[in-house]
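Worksheet for the structure shown next.
What follows is calculated from the coordinates using simple rules that are stated; it is not laboratory data. Remember, predicted model here, so these are calculated numbers, not experimental data. No Cβ is skipped: glycine too gets one built from the backbone with ideal geometry, and neighbour counts run over all protein chains shown.
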Ligand SMILES: [Fe+2]
């Protein structure tokens, strides 16, 4: 089977009222005006539907950061994009990113799951639900399973960190205890488990996640986003970062084929000329 992996769409909308600015969102809006506005472009996203259809891709993993400041209007834009794909017959698996949990209100109200709950696959086997438990077990085909799990929560003003919680670790260990011995597993979340150049954007408690991955040889592939930098590397298993699908100068996605092993095809997203 074949599926696509995209990440870090970062839809943006100006706040509807001054009240919406009484939060970390003020920082996010300034960041947009002086920085992100010049780096992201959304107008080519509509062409993705045709790209998937031409290549016979009907499954898509989106590894978070649909929005910039988790504002309701940003989620509305993201929902329209996802809805359009679902209407075209795509099955969508998705997790939230730190920008989707940007404000305390968005995090405590579970806005991400309220918005996408009817469009993305939240539950598969073993009565484990991504919205309630922070993880899910979804059978794909030919002995492959997908485990989407949450690593994003609300963070203080200048932090873009994630957190691998004990609760999510318990759910993952439960799921892994249920999945057959001869299965192959794809994990998907927003954060990489290896540190990169910005300490304020790391995943906290990442060593526990890395241990869990290294201990289980059935885990063949780990998908993430967050860094806005496409990459494929080995670390206990194959690891693939889709980069960002909306970067003006370097929009990227990965197409992944699952057979005996996972084969990753990194691509640049230039709608008239996909390389
Ligand atoms: Fe992120």
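Taking the mean number of other Cβ atoms within 10 Å as a proxy for protection, how do you rank 7-15, 152-160 from highest to lowest?
Packing proxy ranking, top to bottom: 7-15, 152-160.
Counting every other Cβ atom within 10 Å of each residue's Cβ, 256, 92 order from fewest to most as 92, 256.
Centroid-to-centroid, using Cα positions, the range 228-275 and the range 117-161 are 20 Å apart.
Working from label points 7 Å from Cα in the Cα-to-Cβ sense, the residue 153 to residue 181 distance is 3.6 nm.
Out of the DSSP beta bridges found with both residues in the range 2-268, what percent are antiparallel (nearest 5)?
On the way: 20 of 44 bridges.
Around 45 percent of the beta bridges assigned by DSSP in the range 2-268 are antiparallel ones.
Note on residue 257 and residue 30: the model spin-label points, each 7 Å out from Cα along the C-beta direction, lie 5.0 nm apart.
Mean separation of Cα pairs under 8 Å and 6 or more residues apart, divided by the residue count, gives the range 191-274 a relative contact order of 19 percent. Over the range 2-268, Cα pairs under 8 Å with separation of 6+ residues give a relative contact order of 21 percent. Peptides 57-70, 218-231, 134-147 ranked from most to least packed give 57-70, 218-231, 134-147, packing being the mean of other C-beta atoms within 10 angstrom over each peptide's residues.
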